Amino acid sequence: MTAPQPGLLARLGPTGIAAAVTAVLILFGIGAMIVPALTDGGSEPSAAAAAAQPAPPAPAADTSSPEDAATSTAPTSAAPTSAKATPTLNASFNSGYEDRVVQLVNGERRKARCEALRMHPQLRTAARAHSADMFTHDFSRSQGSDGSSPADRARQAGYSAFAGELVAKGGDPGDVVKGWLRDKSDREILLDCATKSIGVGAAMRGKTPYWTVDTGRA
């Protein structure tokens, strides 16, 4: 007859029993963590997790008025500026009158046995600039409205051998040349045999010319 076998607990002994209890507790703890996760479906955060998340900051209130918004977004541009127009550009010149004066002056110079004057482009520029100045400000004198002298204007035009200047208001080429020849100092300028070049400006205000004649030694 076989002797009875000792029970399970007797076989495990105190040490085995303690190890078994510990394993059961460990398994129970892992199960307590896994089961809720499986029941939540893994897609939605738990209420505790949601409560732990910080709330997003509220957007700052817009304190600007509609007028302020329009001012900040509207494009701005500087007022258009334009270069100040020179009197020469504003005046109209009668080149036929200017050329006729040169012809009449050279006719008188031939009588005085002086060399004929040639129209010099830089002297013509200076003469036209002063005629335009007289036209713009309605005066007749050699000093410019800016205080410039005839020699100043010739140098500004690039001519350095200035000799003399004559001015007048009104009259056709024949009348104005006759008037200059009647005046002793004006006649001396026109019939100076040392001069070689001439520039004439006739700026027109309607039918009235503003005359300038500049002569030079080069």
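So, counting K/R as plus one and D/E as minus one, what does the shell of residues with Cβ under 11 Å around residue 95 add up to?
On the way: positive: 100, 124, 128; negative: 98, 99.
Residues near residue 95 contribute +1 overall.
So for segment 109-218, Kirkwood radius off the Cα pairs, Stokes-Einstein at 20 °C and 1.002 mPa s: how many µm² s⁻¹?
Values: Rh = 13.8 Å.
For the chosen part, D equals 155 µm²/s.
Using a 1.4 Å probe and counting only protein heavy atoms, arrange 189, 198 so the residue with the most accessible area comes first.
On the way: 189 45, 198 0 Å².
Result, largest first: 189, 198.
Full-extension gain between residue 204 and residue 172, please, as 0.36 nm times their residue separation minus the C-alpha to C-alpha distance. Please report the intermediate quantities before stating the final value.
Working: separation 32, 0.36 × 32 = 11.52 nm, distance 1.12 nm.
Stretched out fully, the residue 204 to residue 172 stretch lengthens by 10.4 nm.
Could you rank 108, 98 by how accessible they are, 1.4 Å probe, largest area first? All intermediate terms of the calculation are to be shown ahead of the outcome.
Numbers: 108 45, 98 0 Å².
Of 108, 98, the descending order of accessible area is 108, 98.
Note down the net charge around residue 190, summing +1 for each Lys or Arg and -1 for each Asp or Glu among other residues with Cβ under 9 Å from its Cβ.
Neighbourhood net charge equals -2.
Roughly speaking, to the nearest percent, how much of segment 162-201's 1.4 Å accessible area is carbon and sulfur?
Numbers: 840 of 1780 Å².
Of the solvent-accessible surface of segment 162-201, carbon and sulfur hold 47 percent.
Quick one: in segment 120-178, what % of C-alpha pairs are over 14 Å apart?
On the way: 928 of 1711 pairs.
Pairs farther apart than 14 Å: 54 percent.
Could you sort 202-215, 164-177, 146-159 so that the peptide with the highest average Cβ count within 10 Å comes first and the rest follow in order?
On the way: 202-215: 22.0, 164-177: 18.6, 146-159: 16.7.
Listed from highest to lowest mean packing, they are 202-215, 164-177, 146-159.
Relative contact order (percent) for segment 87-150, with alpha-carbon contacts under 8 angstrom and 6 or more residues of separation?
Working: 34 pairs, mean separation 22.4, N = 64.
Result for segment 87-150 is 35 percent.
Based on alpha-carbon atoms only, what is the radius of gyration of segment 158-218 relative to the globular estimate 2.2 N^0.38 Å? Before the final figure, lay out each step's value.
On the way: Rg = 12.0 Å, N = 61, 2.2 N^0.38 = 10.5 Å.
That works out to 1.14 for segment 158-218.
Once R0 is set to 22 Å, what does the formula 1/(1 + (r/R0)^6) return for the Cβ-Cβ distance between residue 118 and residue 156, expressed as a FRET efficiency to the nearest 0.05?
On the way: r = 21 Å, r/R0 = 0.95.
Result of the calculation: an efficiency of 0.55.
The values are calculated or read from the model by the stated rules, or taken from the named source; none is laboratory data. Everything numeric here is computed off the predicted structure, so don't read it as measured data. Glycine also receives a Cβ, built like all others from the backbone with ideal geometry; neighbour counts cover every protein chain displayed. Just so you know, the surface numbers come from the protein's heavy atoms only, side chains and all, with ligands and any DNA or RNA stripped out. Shrake-Rupley method; radii C 1.70, N 1.55, O 1.52, S 1.80 Å.
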